[in-house]
1. How many of the residues making up the range 323-339 are of a type in the set (A, V, I, L, M), out of contact with any Leu (no Cβ under 9 Å at 6 or more places or on another chain) and not in a helix (DSSP H, G or I)?
2. Within the set of pairs 6 or more residues apart or between chains, which connect a residue that is modelled with pLDDT of 95 or more inside the range 297-317 to a residue that is β-branched (Val, Ile, Thr) with Cβ atoms less than 6 Å apart?
3. Within the range 332-339, is even one residue touching a residue at least 40 places away in the same chain (Cβ under 8 Å), in contact with a Cys (Cβ under 6 Å, 6 or more places away or on another chain) and either buried (at least 19 other Cβ atoms within 10 Å of the Cβ) or within 30 Å of Gly202 (Cβ to Cβ) (or both)?
4. Read through the list (1) among the charged types (D, E, K, R); (2) surrounded by fewer than 21 Cβ atoms within 10 Å (Cβ to Cβ); (3) touching a Gly at 6+ places or on another chain (Cβ under 9 Å), then give the number of the only condition that Arg449 fails.
5. Residue by residue through the range 396-439, note down the ones that are closer than 27 Å to Cys326 by Cβ, of a type in the set (Ser, Thr, Tyr) and open to solvent by 10 Å² or more (accessible area, probe 1.4 Å).
6. Just checking, how many residues over the range 180-212 are open to solvent by less than 10 Å² (accessible area, probe 1.4 Å) and either more than 27 Å from Arg475 (Cα to Cα) or more than 25 Å from the chain's Cα centre (by Cα) (or both)?
7. Report, by residue number, each residue of the range 340-369 that is assigned to a loop (DSSP other than H, G, I, E, B) and either in contact (Cβ under 8 Å) with a residue 60 or more places away in the chain or surrounded by 19 or more Cβ atoms within 10 Å (Cβ to Cβ) (or both).
8. Keeping to the range 148-184, report how many residues are part of a strand (DSSP E or B) and either basic (Lys, Arg) or more than 28 Å from His106 (Cβ to Cβ) (or both).
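The values are calculated or read from the model by the stated rules, or taken from the named source; none is laboratory data. Treat the numbers as computed from the prediction; the structure is a model and nothing was measured. Positions of Cβ are backbone-derived with ideal geometry, glycine not excepted, and every protein chain shown enters the neighbour counts. Side chains included, ligands, DNA and RNA excluded: accessible areas come from the protein's heavy atoms. Shrake-Rupley method; radii C 1.70, N 1.55, O 1.52, S 1.80 Å.
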Amino acid sequence: MYNTILILKLRPTLSKPSSIIFQDSQKHLIEKSSNVNIQKTQLRRYDLQSEVNAIFDKIQKLIPNVQFTNFNRSTSGKNSKVFIVNNKEQYCLGEDLVVQVDMYDHLGNRKTYGGDFIKSRLFSQKLGASVSGRVEDFHNGSYHIHFPLRWVDDGQAKVSIRLWHPSEGIAALWRARHASLGVLGYQGKYEYLGKEAITTCGFQLNTPEEICEYKDEFYEEVFYCIKPKGLPCECLNNMRAVDIYVTNLTAGERSLFNRSNVGVEMAGSLDNVTVTDCENHPPTLNITCQTGMSSPIPSGYFYNYTWHPMYCRMTVYKTGDDYIKCLQGKSLYLIGDSTLLQYMLHFTETIKIVKYFRNREGGWNSWEKTLEALNMDKDIYISYKRHGFPLESFNFYYFKEDMYASRQIDQRAGGKDTIFVITMGQHFRQFPLKIYIRRAINIRRALERLFLRSPETKVIIKTENTRGADGHQERTGDFHGYTQYLVLREVFQGINVGFVDAWDMTVAAFTELVHPLGFTFANIMSLTFTFASS
């Protein structure tokens, strides 16, 4: 466990493909076991590509079918009108506040179609309270935003409704995302007998040169590199991302994503909201959050800077002793990106309940490495591994330690003392959505196999979080993250996992950092380990 091992199963071959090659199906013999007997089921035939396509089609139906003509015809947050539908002097705890948004373009014309990307929240700074709004699109330029009223407020609650992108921008982003196999490039470094070469890599390469194919047939995952002259495909050791400065947006479409047009506040003129404790307030939730529960939208709210799920009761984790109580005698496997490295940093460098094994760097310098940490006295083992290609690292890193998350799951026995926390998202925003859907489905299938052999294993899926308005919207913007969030909600419904809705939490908290800080991160951690200990 503690030695360096090759964990990405590769079968390099020479080929000159013009597109990604996927197998049509894979077969698994599944044996379901009970306490008294084993029931053999028929061979289950998986058609992975058909499942990917079906989920992609569901998401695509949500995308507005509009054509950009000119900037002035796009939705204007400044010109649009917002008012409270059920306006009254005070509301009862447990009711919904409903806000209507009527969209207009920059020329003052009423919009006649929907599809705008809106972020909304109701919040009280005084009370440390906030909740996201559920957006209802009438597809005629009007929207209803539903805010559940979950705390008593003496008139300090404010509504925030931000037009993140107009519908014309959403259509352009969707088209641009799928116009190529990505807006980020990769290079691979080959080393063999003192020779070294750096070549171009990616999900697809259009080149007459010889190509190394790195294909995992079981999971139907593949990427390619140009074969270096005089070196074998097997000596690919290191990878890095390279900025290729490509765009698939027109000059006019790019104007939609100038900073002044992203996240435009529309609800500044609305009055504050007063909420009283009437007799019909919602009952107190007594059931602790458990794996397998369905997560609604919105999934919870903050009060006094503490997250309160709408459907269960969360345990608040604050001290090292709180986490030791949960993790004693357990093995914790963190599989994902740097937002899970935050967990490792919290355990090793903030509350210091475990110590690194063979890692002397610490901090964010280690995000590209496989990390292990131990507490020998309390029998705690924590591992952090990346989810595998693609990763947005502009420094060469030793990529032979990479393995798809699904394979990492398949290689573990699981059991009552095993916890998996899995996330992926930020590094996929720059590539077509089907790549992300495929990866998510493979993870789900690996979890189904895990639960057949070890049904007591605890698994928590953490969604990605919001990133903010200052980034490059075509490459890493939050609309791409939102579509991936919808994919996770679709793929992991009906399976015995804990679902940490970090997207909803960061929208409610107005957190726009890739790595959430303060109370937002503390509550993401608390919800994760409430599921882990249930």
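1. 2
2. Sorted first by the residue in the range 297-317, then by its partner, the pairs are Pro298/Val131; Tyr301/Val131; Cys312/Ile287; Arg313/Thr288; Met314/Thr530; Thr315/Thr530.
3. no
4. (3)
5. Thr418, the sole residue that qualifies.
6. 4
7. Ile353, Val354, Phe357, Arg358, Trp367, Glu368
8. Of the residues in the range 148-184, 8 are part of a strand (DSSP E or B) and either basic (Lys, Arg) or more than 28 Å from His106 (Cβ to Cβ) (or both).
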